[in-house]
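The values are calculated or read from the model by the stated rules, or taken from the named source; none is laboratory data. A quick note: this is a predicted structure, and the numbers were derived from the prediction, not measured. Note that we place each Cβ from the backbone using ideal geometry, even for glycine, and neighbour counts take in every protein chain shown. Only protein heavy atoms, including side chains, enter the accessible area calculation; ligands, DNA and RNA are left aside. Shrake-Rupley method; radii C 1.70, N 1.55, O 1.52, S 1.80 Å.
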Amino acid sequence: MSKISIVFDRVRAEEKMLQKEAEQLGHDTTSIDAKITRFSTESKKTDYDFGNVVLERCVSYFRGIHFTACLEFLDIPVINTFEVANNCGNKMLTSLLLSKHKVPTPKTYFSFSAEAARENLDKVGYPLVIKPIIGSWGRSVVPLKDKDTVDALFEIREFTDGPHDRIFYLQEMVKRPPRDLRAIIV
Amino acid sequence: MNCPDCDGNINVPADASVGEIVSCPDCGADFEISKKSGSIELKKAETVGEDWGE
């Protein structure tokens, strides 16, 4: 029997189901609130009781990935690992990895200023889809069909000016039937 | 329990666990169930961030 820790920042039905299933399989489980857990460069594995493995389940991507880094600093096995979460949580890193390993993927263009992104659009042509490199649920994914849309969206990015607003991820628009298509790559 | 914002009555299920979100039926505010010094309390729930996943 192993001890499994479930790290959360908000308990949802999924975390309860994971805990219930693990217990039915005979594992000892505990839930740990990431928001009230503290680490330091002086922390040692023996300072905590995370058990044999941690399931990192934070809703916040940034909170989760930094928490994972702290756990791995303590040599505690985490699912997912920092490397996996970092690569899969960042669309640009994912696209680069897929392309490098010859996995067919929509053509994607990266630039690091609004000016260079406009040059990409001028060269490739409309439409392209702009996506935030970090985020899910399709939030802030916008098809760029003309220059007016680009001007408006890039102006908004200048105002919001988050660190990721300076990375411009433009992707070929995929022609698809009117239904949701999902691909899972293992 | 009473809503910290509007004093409305919030029903916290007996099987609810720390970290779950409950909403006030009167004002709609969301609160997270937390435990402090052994007792259960309601604290303001975090708002959805741009890095929140599915």
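Within the range A:22-50, track down each residue that is in contact (Cβ under 8 Å) with a residue 24 or more places away in the chain, of a type in the set (Gly, Ala, Ser) and over 21 Å from A:PHE62 (Cβ atoms).
A:GLY26
Could you check how many residues of the range A:28-72 are small (Gly, Ala, Ser) and more than 21 Å from the chain's Cα centre (by Cα)?
So the count comes out to 4.
Step by step: first the residues of the range B:8-22, then only those that are assigned to a strand (DSSP E or B) and surrounded by 14 or more Cβ atoms within 10 Å (Cβ to Cβ), then the one that is farthest from the other protein chains (Cβ to nearest Cβ). Which residue is that?
B:VAL22
Collect the residues in the range A:97-116 that are touching a residue at least 12 places away in the same chain (Cβ under 8 Å), surrounded by 15 or more Cβ atoms within 10 Å (Cβ to Cβ) and either in a loop (DSSP other than H, G, I, E, B) or out of contact with any helix residue (DSSP H, G or I) (no Cβ under 7 Å at 6 or more places or on another chain) (or both), keeping them in residue-number order.
Selection gives A:LEU98 alone.
Where residues in the range A:61-96 are polar (S, T, N, Q) and in a helix (DSSP H, G or I), which of them is farthest from A:ILE184 (Cα to Cα)?
Looking at residues that are polar (S, T, N, Q) and in a helix (DSSP H, G or I), I get A:THR68.
Within the group A:GLU23, A:GLU14, which residue is more than 30 Å from B:LYS44 (Cβ to Cβ) and open to solvent by 70 Å² or more (accessible area, probe 1.4 Å)?
Just a single option satisfies the conditions, and that option is A:GLU23.
Give me the residue from the range A:129-183 that is among the β-branched types (Val, Ile, Thr) and either within 14 Å of chain B (Cβ to nearest Cβ) or in a loop (DSSP other than H, G, I, E, B) (or both) and, out of that set, surrounded by the fewest Cβ atoms within 10 Å (Cβ to Cβ).
Selected residue: A:VAL174.
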